[in-house]
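The values are calculated or read from the model by the stated rules, or taken from the named source; none is laboratory data. What you are looking at is a predicted structure, and each value in this text was computed from that prediction instead of being measured. Note: ideal-geometry Cβ built from the backbone for every residue, glycine included; neighbour counts use all protein chains shown.
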Amino acid sequence: MNAPATTGVRLEDRVNPILVKEVRQALRGKYFRVLFWITLLVGTLIGVGIVSAIDEISFVETGRVFFMAIFGVLSAAVHCFVPFSAFLATSAEWDENTYDLLIISNLRPRQIVQGKLLSALIQALLYYSAFGPFLVFAFLLNGIDLGSVGVILAGSVATSVALTFVGIAASSLATNKVMRVVLMALFGAGLIAAWGMSMGLAAGITFEPQVLSSIEGQVAFVAYLTVAVVVALLAQSIALGRFAHEEENRSTPLRVMSTVLVLFASAWGAWLVQQFGDSESIFACHSGAAALLFFPWLISSTEPEELGRRASAVGPKGTLATLLSAPFLPGGGRAATLCFLQALLAVVTSQIALGFTASRALRLDNSVLAVAALYAYLLAYTVLPAGVAAYFVQRRSARVLLRILMVVAIPVGIVIPAMLSMFFGSGPGSALSHPLNPFSTLYDIQFGAPSPFTYAVLGLALLLALLVNAPRVFAGLREVLRARASRVQQAEDAPRA
Amino acid sequence: MKGALEVRAITKRFGALTAVDAVSFTVAPGEIMGFIGPNGAGKTTTMRICSTLELPDSGDVRVDGISVTEHPREARARIGFMPDSYGAYANTTIHEYLDFFARAYGIRGDARRSVLERVIEFTSLGDLREKHIDALSKGMKQRLCLAKTLLHDPAVLILDEPAAGLDPRARVELRELVKALAGMGKSILISSHILTELAEMCTTVTVIERGTVRGSGSVESIARGVSGIQRIYARSIAGAERLERALLELPFVKNAHIEREGVAFDFEGDEAAAASLLATLAGAGLGLCEFAPKTVDLEDVFLSLTEGRLQ
Ligand SMILES: Nc1ncnc2c1ncn2[C@@H]1O[C@H](COP(=O)(O)OP(=O)(O)OP(=O)(O)O)[C@@H](O)[C@H]1O
Ligand SMILES: [Mg+2]
């Protein structure tokens, strides 16, 4: 090895060890090398094909078509291959038994996750730079302006980062090989959907660039970036929790994040209501938040109930502070408590947002009612089944299976009643409109009136969720109080010892 | 204790199963302790607790005086753990693998380079440093894993079945490496199923079965401690049959049986009883020409301490 300059040495030492290892492995592995050259080849072929057909496409359209075709290939790389390789790189730590070695090497979870992310981003960067000349060429062909290209690329980078985080988080969720294959299939399907979505959005901007000059278009773009950032942060805290040692407190950061997300949704909704005077914005913001909250709620409410030796050892001194901190501590029962509190928080802050900013009277707005129904559904699809399962599920592999089943339960809950009602004869038009379908109910609340039956079902689900979870909620609070008592006891004993 | 591994009454349950039940022992600096027990006895679990990979339900382990439950990060810096199944990374050479873990332990710059050279030389991996680890044989992998374990110069080494799958020559080499490490003052806990091999390198052993310690100390001391039994071999000119008959009538004698030209038996009495036994035999006109405690080996200890029931 030759001796580099001292600054080089220092820099080299500062680099995250995981990053060095991951980049080395990725660039040397078949996965990256084969896909990289195939992608480049496909991009070139498509480009050449379009340019040679230039006479048949109108002049202005050529640039756009060319750009979209190239972006489609690039998007497959940075939105599918790169996040998927992050998924694989993370699973490798479990498959190859190296996770224990990382833990005893004193690497911090943050270093592990960051190293994996940065290595994926370096791969993405290689794709972006390889496709750079094509994009410049598209610009030279006319028909697409720099602004649109910038917006599309910014959105694409944000999407790639968010999906990579999701890939790392998803593969860290299951240490069991079979479960991870299931997760891999789900994640792969999600990536293909994301690819389609990113192409759709990019096409929208490419062919109608004027949307970006409207305030709605700009707000939508900012909203998109925000969602990407929030998804990335949530996925990151899930992955950090998973990579922390089993005995560490893996849950609190995610719980704090999700609480911040609820407040953030209300705050953003309030701002939009003030800007556009449309109370539906608050519901729109919470819809996005609820879709994201589904995963933290699902994961934390299905955690094992025990507080754990390390989480018991730290905490506030006072009884009240202990009780207030309880929902943020590990354990399924305490998570259920937090979910109920967050739902309440969402409804109350939504009402406040409308009441103060739109200077309305404090009456229950339809939008607030919709927010309430939204969170009731979220509770019904996460905390209710998690509470029931808490009585049966003990083993770790069963827990992963439960989580997968709970994800699957939503489409099943929507489709099965619809199929039944079609089978028993009511018309197909109304089949999908039933109390188990959150989408139809929430639409009804906004634009019509749902049947009392719907409210009854939703109320019943909420009541059941409360009843089923009540024992573990109380047990969870008691455990935290007991832990505090023994901490206080130990502190008293310590000086004497 | 400075530099020592002190295991204090650790208990670990997996559901209804108590994998480790109030296990205690101490490995002093320079000591090589063999950790033996049947499959599923709780050896790996105990070692994982010592290495901060598992948290005990109760009890504690101190490494160089530092509690693994309270200060896991500090403890990890002093422990070298070699797991029974270790992980190899794809597309990585021996040098890169060791370089990665040296970085992970925060060893910087020139220090890292010299540490790498040292462990590579110590484990004789020099000629293989650019070889991909997927292509290594079992023995080379074990060496690599040992090299990785030594990177941060830990005071305590915990080796889980390091000799599994090694050929005789590699075993001898491993033994020499371990002895050399003990010579440097490291405390070493080593588990194995190959008892002859442990007997040759260990200064002490701990026998564990179904989560509980059945004996701990030097091989001789636990053999005696099993239940005060001593194995004795005697031979007389009058012939083995007569000696055996005479022995069977005497107190504290058990399990007498003819072995070669003499008789081997378990003796449960104390030293005074042994002296009077010898006097009785000598006076019985049998022509006693040999009377000596039989050397017990690790296998005897193991078999007498464990019941052979799997957990
Ligand atoms: N993570 C775990 N979950 C449940 N049970 C476990 C777990 N780890 C170990 N056990 C159980 O604890 C007991 C002790 O296992 P351990 O691996 O410590 O035995 P061992 O002495 O190392 O055995 P071997 O000689 O086969 O390596 C076994 O019955 C095992 O099934
Ligand atoms: Mg074992």
*asked:* Among the numbered criteria (1) surrounded by fewer than 16 Cβ atoms within 10 Å (Cβ to Cβ); (2) assigned to a helix (DSSP H, G or I), which one does A:ILE410 miss?
replied: (1)
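Picking from A:SER198, A:SER160, A:SER172, A:SER214, which residue would you name as being crowded, with 23+ Cβ neighbours inside 10 Å and modelled with pLDDT under 90? Quick ask: steps written out before the conclusion?
On the way: A:SER198 fails: modelled with pLDDT under 90; A:SER160 fails: modelled with pLDDT under 90; A:SER214 fails: crowded, with 23+ Cβ neighbours inside 10 Å.
Sole residue among the options that is crowded, with 23+ Cβ neighbours inside 10 Å and modelled with pLDDT under 90: A:SER172.
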*Taking the stated definitions as given, is B:PHE14 surrounded by 23 or more Cβ atoms within 10 Å (Cβ to Cβ), at pLDDT below 95 and of a type in the set (Phe, Trp, Tyr)?*
no
*asked:* Against the definition (out of contact with any Lys or Arg (no Cβ under 6 Å at 6 or more places or on another chain), within 14 Å of chain B (Cβ to nearest Cβ) and free of Cβ contacts under 8 Å to residues at least 40 places away in the same chain), how does A:ASP100 come out, yes or no?
replied: yes
_Failed condition for B:GLU6, given (1) within 10 Å of ligand 1 (Cβ to nearest atom); (2) outside any loop (DSSP other than H, G, I, E, B)_ = (1)
_Between a residue in segment A:319-345 that is more than 13 Å from A:PRO296 (Cα to Cα) and any residue that is aromatic (Phe, Trp, Tyr) and crowded, with 24+ Cβ neighbours inside 10 Å, which pairs come within a Cβ distance under 6 Å, given they are 6 or more apart or on different chains?_
A:ALA343/A:TYR375
*Output the residues belonging to segment B:40-56 that are more than 8 Å from chain A (Cβ to nearest Cβ), of a type in the set (A, V, I, L, M, F, W, C) and more than 9 Å from ligand 2 (Cβ to nearest atom).*
B:ILE49, B:CYS50
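Among the candidates A:ALA461, A:ALA456, A:ALA470, single out the residue that is within 30 Å of A:ALA321 (Cβ to Cβ) and either part of a helix (DSSP H, G or I) or of a type in the set (S, T, N, Q) (or both).
A:ALA470
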*Could you list, in sequence order, the residues of segment B:21-39 that are surrounded by fewer than 18 Cβ atoms within 10 Å (Cβ to Cβ) and within 13 Å of ligand 2 (Cβ to nearest atom)?*
B:ASN39
*Of all residues in segment B:40-53, how many are over 16 Å from B:LYS186 (Cα atoms) and either more than 11 Å from ligand 1 (Cβ to nearest atom) or not in a helix (DSSP H, G or I) (or both)?*
5
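B:GLU70 - would you say it is more than 16 Å from ligand 2 (Cβ to nearest atom), surrounded by fewer than 17 Cβ atoms within 10 Å (Cβ to Cβ) and part of a loop (DSSP other than H, G, I, E, B)? Steps first, please.
Details: more than 16 Å from ligand 2 (Cβ to nearest atom): yes; surrounded by fewer than 17 Cβ atoms within 10 Å (Cβ to Cβ): yes; part of a loop (DSSP other than H, G, I, E, B): yes.
Criteria met by B:GLU70.
Being within 14 Å of chain A (Cβ to nearest Cβ) and either under 25 Å from B:ASP64 (Cα atoms) or surrounded by fewer than 22 Cβ atoms within 10 Å (Cβ to Cβ) (or both): is that true of B:SER137 here?
Considered against the rule, which asks whether it is within 14 Å of chain A (Cβ to nearest Cβ) and either under 25 Å from B:ASP64 (Cα atoms) or surrounded by fewer than 22 Cβ atoms within 10 Å (Cβ to Cβ) (or both), B:SER137 comes out as no.
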*Collect the residues in segment B:154-172 that are farther than 23 Å from B:GLY37 by Cβ and either free of Cβ contacts under 8 Å to residues at least 24 places away in the same chain or within 16 Å of ligand 2 (Cβ to nearest atom) (or both), keeping them in residue-number order.*
B:PRO168, B:ARG169, B:VAL172
*Boolean, A:ALA265 is surrounded by 17 or more Cβ atoms within 10 Å (Cβ to Cβ) and more than 18 Å from A:LEU442 (Cα to Cα)*: no
_Where the second residue is acidic (Asp, Glu) and the first is more than 7 Å from chain A (Cβ to nearest Cβ) and lies in segment B:86-104, which pairs have Cβ atoms under 8 Å and are six or more apart or on separate chains?_
B:THR93/B:GLU130; B:ILE94/B:GLU130; B:HIS95/B:GLU130
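Each row is one residue, and each column tells you yes or no for (1) surrounded by fewer than 21 Cβ atoms within 10 Å (Cβ to Cβ); (2) within 13 Å of chain B (Cβ to nearest Cβ).
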position	(1), (2)
A:ILE46	yes, no
A:ALA69	yes, no
A:GLY72	yes, no
A:VAL78	no, no
A:LEU88	yes, yes
A:TRP94	yes, yes
*Name every residue in segment B:16-27 that is near ligand 1 (Cβ under 7 Å from one of its atoms) and not in a strand (DSSP E or B), in order of residue number.*
none
*For segment A:409-427, state whether one or more residues are in contact (Cβ under 8 Å) with a residue 60 or more places away in the chain and within 23 Å of A:LEU338 (Cα to Cα).*
no
*Answer residue from segment B:73-85, given it is within 16 Å of ligand 1 (Cβ to nearest atom) and buried (at least 17 other Cβ atoms within 10 Å of the Cβ) and is farthest from the other protein chains (Cβ to nearest Cβ) among those*: B:MET82
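Given the options B:GLY65, B:GLY59, B:GLY30, B:GLY37, name the one that is within 16 Å of ligand 1 (Cβ to nearest atom), away from chain A (no Cβ under 14 Å) and modelled with pLDDT of 85 or more.
Just one listed residue meets the conditions, B:GLY37.
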_Residue that is among the small types (Gly, Ala, Ser), exposed (fewer than 14 other Cβ atoms within 10 Å of the Cβ) and over 22 Å from B:VAL301 (Cβ atoms), where the choices are B:ALA273, B:ALA284, B:ALA279, B:ALA240_ = B:ALA279
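Give the number of residues within segment B:58-76 that are of a type in the set (Gly, Ala, Ser) and closer than 15 Å to A:HIS245 by Cα.
Residues that pass the stated criteria total 1.
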*Among the residues of segment B:82-115, write down those that are in a helix (DSSP H, G or I) and at positive phi.*
B:GLY109
*If we keep just the residues of segment B:105-114 that are within 7 Å of chain A (Cβ to nearest Cβ) and of a type outside the set (Phe, Trp, Tyr), which is farthest from B:LEU150 (Cα to Cα)?*
B:GLY109
